[in-house]
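The values are calculated or read from the model by the stated rules, or taken from the named source; none is laboratory data. Being a predicted model, the structure only gives us computed values, none of them experimental. Because the Cβ atoms are built from the backbone with ideal geometry, glycine has one as well, and the counts that use them run over all protein chains shown.
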Amino acid sequence: MSALTPRQINANAIESRGQARNALIEQSHQRCSALGLKRIERPDFEPLIRSDLTLARDRNTRLSTHAAPVMELLAEQIVNTESMIVLTDAHGTILHTVGDDDFLERAGKVALAPGVSWAEHSKGTNAIGTTLFEETPTLVHASEHFMHANNFLTCSAAPIFDPRGNILGVLDVTGDHRSYHQHTMGLVRMSARMIENHWLTDDFKHRMRLHFHHRVEFIGTLLEGIVVVGMDGKLLGANRSALDQLNISGAALRMQSLTSLFGTSVPAVIDHFRAPLAVPMTLALADGRQFYAQGRFSHASLHTVGSALADDGARSDTAEIAPAHASTATTTPARPSAVEATADAVRPAAPGQRPSGLQYMLTGDAQVKLVVDKIQRVLDRDIPLLILGETGTGKELLARAVHHDSARARHPFVGVNCASIPESLIEAELFGYEEGAFTGARRKGAPGRILQANGGTLFLDEIGDMPLSLQARLLRVLQERQVTPLGSNKSISVDVAVIAATHCNLREMIEKHSFREDLYYRLNGLAVRLPALRERSDLMPLALRMLAAECPGVAPRLSERVVGYFKAYHWPGNLRQLSNVLRTAAVMAAGEPLITDDHLSDDFLEDVKRARSSGAARPVEREESRQAPVLAARPMVPAEIDGDEPMASEPAEAPVATVFAPAAAPSSKTLGEQEIDMIRAALDAANGNISEASKRLGISRNTIYRKLRWNQP
């Protein structure tokens, strides 16, 4: 038997849809007959009285607000086609109509006007009423209407749902049956989805959203799926395209989390899209299907997690799944609206290009660059990494960057803070336990953090605080690559890359017999030390990056006095403390263009004064002292930022050299001259490609044109 041709397959599909529609119309006719309706009878001309219509419109103000601009766009598509657009509430009562005047007059003769109910029980089979009953897009053409008076109409209607799946109303295009066009239903369905997407965004404007599709170029179009994610990882809502693509109901989706459905987590998503030039990430379902996704963050949601990356201990005691990254995307997704778009942030990388997590660590300090260079030499060589450094220096951020750049990036990154888990529980947390292993355990047991990291990276933060009794068992797991849960006699094979971190002097602990020497050498394949913030030469670039993350859009500038405080302070809390100071200042200065003393916390100002009086101030590098006294943080562009107002096409930017230049030997060049040198170097590296240079620098193409034009010889 020969295979069907594409034409035959398409014909069969059309025939199948036609049969389904015929069955739907027939079922509706049967319902109308059962209700006692007659096919030949005068239409019900009794609309709601004016006060009741006003009340109905008031109850549906939000629906009307979201629908109005969509109806205007749709009206432009059907102008002069003897048609009208109808918006109803969830009961089928017409709220608003838009259309050709002469057709509106004809429609009024069959009571197709505001205040009239077009539910099935009132008007028989019709697109509006049948759509409400079936909760699915419905076409009713000519004599398919139950009442003969409506046979001159052709009606295409689609339901409008809220994010929880409740029907809000119906959008309908009705016209003369002689002007029927097969594409009308497509326009109506897409318009209804536009309204739903606007409603979803409005409902969850302060939540994280993932916009996804299995084809990257469809991100940003009406075909994209949208899921809303709470900061605990639970899925709060989705649009219909998301439910269709995932083949799941709204109720079932709300029982899922990012981890259970997509195999990732909120911190992992934030880490990905806070990286420079982040490409759409790849999400995978349990059945193997993959989607490209772009993150969208509101001002409020970014503020909630603004210091997540700097706080290297805040999340270490939770298992997190790092995402796989889209390394083969070659097409450009359609641009979102002006409210949501920022620069070229949503464009995928060039073929084979993948943003480096380790490169993101580089903001100009030579010591950090040396650490990154060392790690890059041993990446994917099965050499354990030991990260040393004071609390708050970014040890977990570095570990995540290593995982991001490794061949294990498609597998879990699981962090364990050995200092934050009670000693009585850390063994069960690490190795897992069987049912009934100890009092208070979960009934079905738990796999443990090591098994959760299988195939990926296990990050053991503050390893120096691990109880001595557990160190021998951890060593055995690392040597034998097998783990035995508590209460079990069965060993399970495990494959993990191990990264350990500590602020302790492990050699001194070995001498005091509080840390096993054999475990130390097992963990210490390569030891690197992250410098304290007071030892780094990139304080201001770091501060500007953090401030930009706290203030999407146009961030406030730092006054000369504040810059002086920052340079003179010794920062005992390191990056974590800097992040907290900037977060507080950003909140205090909300809506103001300049951060001053008034926006800094009193305890920080007192610490600065004490440091100055005691002579414990941070040495100020000559390179920093040449920077402009008033600094502005350039808005970060990796993720699309939603705001209440459209963003400017080219936001204010900090000097290129200030934000992106590596530490250099003292130079007689001005800051502006250094900027031009950096732009020209980036252009040379990109073989003159302006777009590529703008991506590498993180500035817009217009900025490159402008700065080079201003500095022509």
Wholly enclosed helices (runs of 4 or more DSSP H) of region 31-116 bearing at least 2 residues within 14 Å of Val188 (Cα to Cα) and under 45 Å from the mean Cα position of the chain (by Cα): 61-78
Inside region 487-502, can you point out the residues that are part of a loop (DSSP other than H, G, I, E, B) and either surrounded by fewer than 18 Cβ atoms within 10 Å (Cβ to Cβ) or outside the structural domain of Gly432 (by TED's automatic domain parsing) (or both)? Gly487, Ser488, Asn489, Lys490, Ser491, Asp495
Would you confirm whether or not region 132-139 contains a residue that is in a helix (DSSP H, G or I), at negative phi and of a type in the set (S, T, N, Q)? no
Checked against (1) surrounded by fewer than 20 Cβ atoms within 10 Å (Cβ to Cβ); (2) touching an Asp or Glu at 6+ places or on another chain (Cβ under 8 Å), Ser537 satisfies every condition except (1)
Has region 388-410 got at least one residue that is modelled with pLDDT of 85 or more, in contact with a Lys or Arg (Cβ under 8 Å, 6 or more places away or on another chain), at positive phi and surrounded by 17 or more Cβ atoms within 10 Å (Cβ to Cβ)? yes
Identify the residue in region 579-596 that is part of a helix (DSSP H, G or I) and touching a helix residue (DSSP H, G or I) at 6+ places or on another chain (Cβ under 6 Å) and, among all such residues, is surrounded by the fewest Cβ atoms within 10 Å (Cβ to Cβ). Met588
Give, as residue ranges, the helices (runs of 4 or more DSSP H) completely inside region 217-264 that count at least 1 residues that are among the polar types (S, T, N, Q) and either touching a residue at least 40 places away in the same chain (Cβ under 8 Å) or more than 18 Å from Ala158 (Cα to Cα) (or both). 240-246, 258-262
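Each row is one residue, and each column tells you yes or no for (1) in the same structural domain as Ile25 (by TED's automatic domain parsing); (2) closer than 18 Å to Arg106 by Cβ; (3) surrounded by fewer than 24 Cβ atoms within 10 Å (Cβ to Cβ).
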{"residue": "Thr131", "(1), (2), (3)": "yes, no, no"}
{"residue": "Glu134", "(1), (2), (3)": "yes, no, yes"}
{"residue": "Leu139", "(1), (2), (3)": "yes, no, yes"}
{"residue": "Ser143", "(1), (2), (3)": "yes, yes, yes"}
{"residue": "Met147", "(1), (2), (3)": "yes, yes, yes"}
{"residue": "Ser156", "(1), (2), (3)": "yes, yes, no"}
{"residue": "Arg164", "(1), (2), (3)": "yes, no, yes"}
{"residue": "Leu171", "(1), (2), (3)": "yes, no, no"}
{"residue": "Asp176", "(1), (2), (3)": "yes, yes, yes"}
Residue list for region 239-283, restricted to those being more than 24 Å from Arg215 (Cβ to Cβ) and surrounded by 21 or more Cβ atoms within 10 Å (Cβ to Cβ): Ser265, Val266, Pro267, Ile270, Asp271, Arg274
Here the residues within region 199-215 that are within 15 Å of Val170 (Cα to Cα) and either in a strand (DSSP E or B) or assigned by TED's automatic domain parsing to the domain that holds Ala284 (or both) are none
Regarding Arg610, is this residue in a helix (DSSP H, G or I) and more than 35 Å from the chain's Cα centre (by Cα)? yes
